[in-house]
Amino acid sequence: MQEFLEQELRVTVAHVEMRSLNTAENARYSRQILEPLGIDQVIIVTHASHMARAVASFEREGFDVVPGPIEFVGPRLAYPGALGWFPNLSALGHTTSALREYVGRIWYVLRY
């Protein structure tokens, strides 16, 4: 995000959180950076499928969150007609991502 803001939008980034290994840690460390500055509202830009977990993580840290979801994945047929109802590699990838996200949500409830 820092690279995009600075290179594409020519915006100077004043604070960057670099220690986190996951979204929950990112929320915690971001709170440590932003709280002394009086910043309580954040805009979260992430893949739509990750948004619920990300919002919950940042709200748990006391932030007022404005979601900015990107890359929505919805039902679409890879092939027109009857062939579109058969499994394909792209759909398998989306299913794998969705299952991973559901497991991640459960893990975050138990862990954080």
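The values are calculated or read from the model by the stated rules, or taken from the named source; none is laboratory data. This is a predicted model, so every value here is computed, not measured. Positions of Cβ are backbone-derived with ideal geometry, glycine not excepted, and every protein chain shown enters the neighbour counts. Quick note on the areas: whole protein, heavy atoms, side chains included, nothing else; ligands and nucleic acids left out. Shrake-Rupley method; radii C 1.70, N 1.55, O 1.52, S 1.80 Å.
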Backbone N within the range 20-63 under 17 Å of label point (7 Å from Ile106 Cα along the Cβ vector): 53
Nonlocal amide H pairs with Ser20, under 5 Å, H built at 1.01 Å: none
Quotient of Cα Rg and 2.2 N^0.38 Å for the chain, N being how many residues it contains: 1.33
In sequence order, calculated HN-Hα J values of the range 101-108 (Karplus, 6.51, -1.76, 1.60; Hz; x Gly/Pro): 5, 4, 5, x, 5, 4, 4, 5
Share of carbon and sulfur in the accessible heavy-atom surface of the chain [1.4 Å probe, %]: 60 percent
Amide H contacts of Ile44 (H built 1.01 Å from N, under 5 Å, at least 5 apart or other chain): Val66, Gly68
Accessible area of Val103 in the full protein assembly, 1.4 Å probe (Å², nearest 10): 100 Å²
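Report, in deg cm²/dmol and to the nearest 500, the calculated mean residue ellipticity at 222 nm for the chain, where each DSSP H run with n ≥ 4 adds -39500 (n - 2.57) and the sum is divided by the residue count. Spell out each step's value before the answer.
On the way: 3 runs with 45 residues, N = 112.
Counting only the DSSP helices, I get -13000 deg cm²/dmol.
If you place +1 on the Cβ of every Lys and Arg, -1 on the Cβ of every Asp and Glu, and leave all else neutral, what size is the dipole of the range 1-54 about its Cα centre, to the nearest 20 Debye? It would help to have the intermediate numbers written out before the result.
Values: 5 positive and 7 negative charges, 33 e Å.
So the magnitude is around 160 debye.
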Positive-end extreme of charge dipole, the range 1-93 - chosen from Val55, Ala91, Pro67 (charges on Cβ): Ala91
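Suppose every K and R has +1 on its Cβ and every D and E has -1 on its Cβ; what is the size of the dipole of the chain about the Cα centre, in Debye to the nearest 20? Don't jump to the answer; show the numbers that get you there.
Numbers: 10 positive and 12 negative charges, 93 e Å.
About 440 debye.
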Residue-by-residue Karplus 3J(HN,Hα) for the range 35-48, coefficients 6.51, -1.76, 1.60, Hz, glycine and proline x: 4, x, 8, x, 9, 10, 10, 10, 9, 9, 10, 7, 4, 3
